[in-house]
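Written below as structure tokens is the structure these notes are about.
The values are calculated or read from the model by the stated rules, or taken from the named source; none is laboratory data. The model shown is predicted, which means the values in this text are computed figures rather than measured ones. As a convention, Cβ positions derive from the backbone with ideal geometry for all residues, glycine included, and neighbour counts pool all protein chains shown.
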Amino acid sequence: CAKLGEGWGYDEINLNCGCPSERVQRGAFGACLMAEPQLVADCVKAMVDAVDVPVTVKHRIGIDKTESYGFVRDFVGTVAEAGCRTFIVHARNAWLKGLSPKQNREVPPLRYELVHRLKHDFPALRFSINGGIADDDTVHTQLRLLDGVMIGREAYHNPWWLADWDTSFFGDAPRDITREEIESRMCDYMAREAAAHGTPWSNIARHMLGLRNGLPGARRWRQVWSDHKLKGLAPHAVMALAHEPAAQDA
Ligand SMILES: Cc1cc2nc3c(=O)[nH]c(=O)nc-3n(C[C@H](O)[C@H](O)[C@H](O)COP(=O)(O)O)c2cc1C
């Protein structure tokens with residue numbers, strides 16, 4: 001699998017040791033793998049030997065009611081010995097029984113300080129922190145302490161936030177780009193994918209429905225982009241409809 005991913009041009013291969021879903025547990029992957037650090041290490045070693053791109057691991061700070069820092073420290077130590085240099089840490093436990101995956105992203109408390117301890121104890125490894133991060137100040141604070149920040153839901157629900165990141169966090173010159181330009185480029189992309197693979201534009205549009213989050217008329221704009229009756233139209237025509245004054249006013 002790692003070789004396939006590398007062959008498709010991916011920059012890294014990431015092993016998921018964080019997903020708590022029951023289906024995933026039945027397949028013996030995801031967060032339940034944190035209980036078997038040596039098995040994860042063996043998998044990582046096999047993948048590191050097979051590919052030239054980095055092999056990384058995403059994991060939780062613990063499973064079930066295990067609150068001890070030693071659990072995640074030993075997991076990271078064992079997996080690092082097998083050749084993993086980058087860890088993306090969702091900074092809450094995964095409760096493997098009794099919570100849905102959605103609840104498992106909200107109920108177990110966030111404990112960022114454990115990720116900071118990992119960085120302190122393994123300074124040569126790279127740690128990215130994940131979980132509940134949704135504003136510039138938190139990103140700044142965490143980037144001072146760690147190597148990276150991973151944003152999940154907020155990037156999806158409010159992707160316009162990403163537009164400032166290179167300027168805010170990496171010192172790039174401000175870019176003069178608008179949401180409409182991004183939407184238009186997404187239309188180009190939808191048209192290309194339709195021509196190349198027959199992909200319906202709705203498969204792509206559904207992932208940009210947060211683009212106008214917080215703006216007046218955002219709901220109607222989303223409704224137009226979600227309207228499957230328009231599937232015969234070209235993406236740019238859908239965009240024009242979504243921006244019609246009538247749609248914006250209603
Ligand atoms: C719909 C959905 C699907 C997800 N699928 C994966 C996945 O396949 N692999 C993974 O490592 N994390 C997955 N996650 C978890 C996120 O990567 C992230 O760890 C989690 O949402 C917490 O970060 P956040 O608070 O920034 O959203 C998923 C999250 C959501 C909302």
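Take the residues in segment 40-84 that are within 17 Å of A28 (Cβ to Cβ) and surrounded by fewer than 18 Cβ atoms within 10 Å (Cβ to Cβ), then tell me which one is nearest to the ligand (Cβ to nearest atom). Give the steps one after another, and end with the answer.
Going through segment 40-84, the residues within 17 Å of A28 (Cβ to Cβ) turn out to be 40-44, 46-47, 57-60, 63-64, 75, 79.
This time we only want the ones that are surrounded by fewer than 18 Cβ atoms within 10 Å (Cβ to Cβ), so: 42, 46, 64.
Working: D42: 20, A46: 20, D64: 18 Å.
By that ranking, first place goes to D64.
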(request) Just one of (1) surrounded by 16 or more Cβ atoms within 10 Å (Cβ to Cβ); (2) assigned to a loop (DSSP other than H, G, I, E, B); (3) not assigned by TED's automatic domain parsing to the domain that holds T86 trips up I133, so point out which. (result) (3)
(request) May I ask you to say which residue of D137, D176 is within 30 Å of F122 (Cβ to Cβ), out of contact with any Ser or Thr (no Cβ under 7 Å at 6 or more places or on another chain) and of a type outside the set (A, V, I, L, M)? (result) D137
(request) Confirm whether F87 is more than 16 Å from the ligand (Cβ to nearest atom), out of contact with any Asp or Glu (no Cβ under 7 Å at 6 or more places or on another chain) and in the same structural domain as C17 (by TED's automatic domain parsing). (result) no
(request) For segment 106-124, state whether one or more residues are more than 16 Å from the ligand (Cβ to nearest atom), touching a residue at least 24 places away in the same chain (Cβ under 8 Å) and touching a Pro at 6+ places or on another chain (Cβ under 7 Å). (result) no
(message) Quick check on segment 97-120: of everything there that is closer than 19 Å to R153 by Cα and aliphatic (A, V, I, L, M), which residue is surrounded by the fewest Cβ atoms within 10 Å (Cβ to Cβ)?
(response) V107
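Which of the following residues is closer than 17 Å to N104 by Cβ, modelled with pLDDT of 95 or more and in contact with a Gly (Cβ under 7 Å, 6 or more places away or on another chain): G62, G30? Give the steps one after another, and end with the answer.
On the way: G62 fails: in contact with a Gly (Cβ under 7 Å, 6 or more places away or on another chain).
Result: G30 is the single residue among G62, G30 that is closer than 17 Å to N104 by Cβ, modelled with pLDDT of 95 or more and in contact with a Gly (Cβ under 7 Å, 6 or more places away or on another chain).
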(request) Exactly one condition in (1) assigned to a helix (DSSP H, G or I); (2) surrounded by fewer than 16 Cβ atoms within 10 Å (Cβ to Cβ) is not met by P123; state its number. (result) (1)
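Can you find a residue that is in the same structural domain as S128 (by TED's automatic domain parsing), within 20 Å of D121 (Cα to Cα) and outside any strand (DSSP E or B) anywhere in segment 43-55? Lay out the reasoning, then the answer.
Keep residues of segment 43-55 that are in the same structural domain as S128 (by TED's automatic domain parsing), which gives 43-55.
Checking which are within 20 Å of D121 (Cα to Cα) leaves us with none.
Taking every residue of segment 43-55 in turn, none turns out to be in the same structural domain as S128 (by TED's automatic domain parsing), within 20 Å of D121 (Cα to Cα) and outside any strand (DSSP E or B).
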(request) Could you give me the residue pairs with C-beta distances under 7 Å whose first residue belongs to segment 128-141 and is without any contact (Cβ under 8 Å) to a residue 60 or more places away in the chain, whose second residue is within 11 Å of the ligand (Cβ to nearest atom) and assigned to a loop (DSSP other than H, G, I, E, B) wherever it lies, and which are 6+ apart or on separate chains? (result) I129/A91; G131/A91; G131/R92; G131/L110; G132/L110; I133/I151; V139/I133
(message) So if I check each of W221, W201, W225, W161, which one is buried (at least 16 other Cβ atoms within 10 Å of the Cβ), at pLDDT 95 or above, within 30 Å of R92 (Cα to Cα) and not assigned by TED's automatic domain parsing to the domain that holds H59?
(response) W161
(request) Working only within segment 7-21, note down all residues that are out of contact with any strand residue (DSSP E or B) (no Cβ under 7 Å at 6 or more places or on another chain) and surrounded by 13 or more Cβ atoms within 10 Å (Cβ to Cβ). (result) Y10, C19, S21
(request) Kindly indicate whether any position in segment 206-213 is farther than 30 Å from G18 by Cβ and over 21 Å from the mean Cα position of the chain (by Cα). (result) no
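Does segment 8-17 include one or more residues that are under 18 Å from W95 (Cβ atoms), within 12 Å of the ligand (Cβ to nearest atom) and modelled with pLDDT of 95 or more?
Within segment 8-17, the subset under 18 Å from W95 (Cβ atoms) is 16-17.
The next check asks that each one be within 12 Å of the ligand (Cβ to nearest atom); those that pass are 16-17.
Among the residues that remain, those that are also modelled with pLDDT of 95 or more are: 16-17.
Checking segment 8-17: at least one residue is under 18 Å from W95 (Cβ atoms), within 12 Å of the ligand (Cβ to nearest atom) and modelled with pLDDT of 95 or more.
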(request) Only residues that are within 21 Å of L211 (Cα to Cα), under 14 Å from the mean Cα position of the chain (by Cα) and more than 12 Å from the ligand (Cβ to nearest atom): list them for segment 125-169, please. (result) P159, L162
